[in-house]
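Structure first, commentary second.
Computed from the coordinates by the stated procedures, all read-outs in this text should not be read as laboratory data. Please read all numbers here as calculations on a predicted model, not as lab measurements. Methodologically, a virtual Cβ is constructed for each residue, glycine included, from the backbone with ideal geometry; neighbour enumeration extends over all protein chains shown.
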Amino acid sequence: MSWTSTGILTVPGILKSGGGAQSTISGANLTTAANAELVIRTDNASDSLAISSNLTQGSGALTKSGAGSLTLSGTNSYTGATFVNAGKLLVNSTSANNSAVTVKPGATLGGTGTLGGNATVQVDGKLEFSLSTAAGSHDPLDLAATRTLTFSGASTLTITSSGGASPGLYTLVSAPGGITGSAPSTVNLPGGWTGTTSIVGNDLVLNVTSTGGGGPGPLDHFAISAIVGTKTVGTPITGITLTAQDASNATATGFTGTVNFGGTGGFSGTSASFTAGVLNGVSVTPTLAGGNLTFTVTDGVSGKTGSALITTIQTQYAAWSGGAAFGADANGDGVKNGLAFLLGAAGPNAAVTLPVTTQSSGNLVLNFSMLNAASRGAATLNVEHSSDLGISDAWLGAVVPDTAGPSGPVNGVSFNVTLGSPSNSVTATISSSNAAAGKLFGRLKAVQAP
Ligand SMILES: [Ca+2]
């Protein structure tokens, strides 16, 4: 039977599909009169009914009875309870109702959609899911925000597959409000499969360790999740997933070791341990700028590697400037962009805090904040002096150091630095011995790369 509505189909309370038929109801809304309960019967195990119409019976409940299956894919709006009394209910709706779901003993719940209410699997209730993609592509049965999943007692999980699954961690149900009770104690897997179920955080997961055929082969290489967009020196690249794979790109679930980080971006470090061949949330920090740099991982034991291309890692100045030239003055305030950057301005067009200049015993003293080494990259700042503005004597000076405390003098300039983040506090003292004819001038000069 196939029925397509162009309006509202109102049924008196019981909708019955039978005779081993594959039936569909589509289009518009399916409802009952006056918030009455809607009972859908698929009496024979071979009966299946697929409804893509929206169920809109208000506060009336939905009860699935009979040994057959019912698949819902409409945008249901009813708010009454949902009872799976017998047979199978698959919820594939992407926007499900607000209804609390109860799976009775012997009945089965499954699907890839979203349940709007809390779900309870009673003692001897069942869950069933089809895994036919790699783990990362599997669409779980979700519960809406804050909704909970409760297992009242021993339950059964059945996994089916039409091919395409591979070893890995599959999320079967995700319940943002948490899961109470124990994961299903009886697990029926397809022939040749091995795996274990567990509750991890708010998820019911199945760790498929083999799909038969001898399982994944030995470690061949590491796959690295895409690293996209422009990155900045000194800013961590987060959320990278590393996957140990065999020669067929199946997850080498037996790999639980650690790997070393390297590459042309100046990466270094050692990873945490892999779980079933997968490591999520890796963070690495580039220390070099440039284009077409690579991030590599190497298993120190086997020597197996993997790599990912990072198109561009920009300098801290490039990230700050948005392309404005180091020697230009974007906002015309008389302070060149590079100097504004080093002095801690928020951007090329933002106000900058200028040095405070004082005189002490004839010495010229400059007090200012300056980005520390990690925040500025290769750019440096020079404190220079002249007795004649560089006309009859050349400007002479010293690079502001990154060492804490007093240092120098270098070329007649002494420093006292208090380390901070992102900026250090600097006192630069130009000695009066540099003066000639009673004149002494000082300046700060930003240098993009020494
Ligand atoms: Ca400026």
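Kindly provide the Kirkwood hydrodynamic radius of the chain in Å, to one decimal, from all pairs of distinct alpha carbon atoms.
On the way: mean 1/r = 0.0363 Å⁻¹.
That comes to 27.5 Å for the chain.
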Give the residues of region 251-271 whose amide nitrogen is closer than 14 Å to a point set 7 Å from the Cα of Ser225 in the direction of its Cβ. none
Once the mean of 1/r over all distinct C-alpha pairs in region 324-447 is inverted, the Kirkwood radius in Å reads 14.8
Give me the distance in nm between label points sitting 7 Å out from Cα along the Cα-to-Cβ direction at Val447 and Ala350, one decimal. 2.6
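Kindly identify region 125-279 as rounded, prolate or oblate by the Cα gyration tensor criterion: order the square roots of the eigenvalues as a ≥ b ≥ c, call it rounded if a/c is under 1.5, otherwise compare a/b with b/c, prolate if a/b is larger, else oblate. Kindly include the intermediate steps, with their values, before the conclusion.
Details: a/c = 2.46, a/b = 1.52, b/c = 1.62.
Taking the square roots of the gyration eigenvalues as a ≥ b ≥ c, region 125-279 is oblate.
Which percent, to the nearest 5, of DSSP beta bridges fully inside the chain are antiparallel? Don't skip to the end; give the middle numbers.
Details: 73 of 136 bridges.
Among the beta bridges of the chain, antiparallel pairing accounts for roughly 55 percent.
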State the Cα centre-to-centre distance between region 255-301 and region 318-337 in whole Å. 35
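So for region 221-314, considering every pair of alpha-carbon atoms, how many percent are separated by more than 16 Å?
On the way: 2128 of 4371 pairs.
The share of Cα pairs beyond 16 Å in region 221-314 comes to 49 percent.
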Among Ser433, Ser52, Ser361, which comes first, then next, by fewest other beta-carbon atoms within 10 Å? Ser361, Ser433, Ser52
Mean projected area in nm² (Cα convex hull; one quarter of hull surface) for region 2-211: 10.7
Per-residue Cβ neighbour rank within 10 angstrom, fewest leading, Arg376, Arg41, Arg443: Arg443, Arg41, Arg376
Over region 256-396, how many percent of alpha carbon pairs lie in each 5 Å bin up to the one with the longest distance? 2, 8, 13, 13, 12, 11, 10, 8, 7, 6, 4, 3, 2, 1, 0
Tell me which lysines have Cα within less than 16 Å of Lys336's Cα, excluding those fewer than 8 residues away on the same chain? Lys445
Where a Cα-Cα gap under 20 Å defines reach, which lysines qualify for Lys126, not counting those fewer than 8 residues away within the same chain? Lys64, Lys88, Lys104
Fewest-first ranking of Phe151, Phe261, Phe341, using other Cβ atoms within 10 Å as the exposure measure: Phe261, Phe151, Phe341
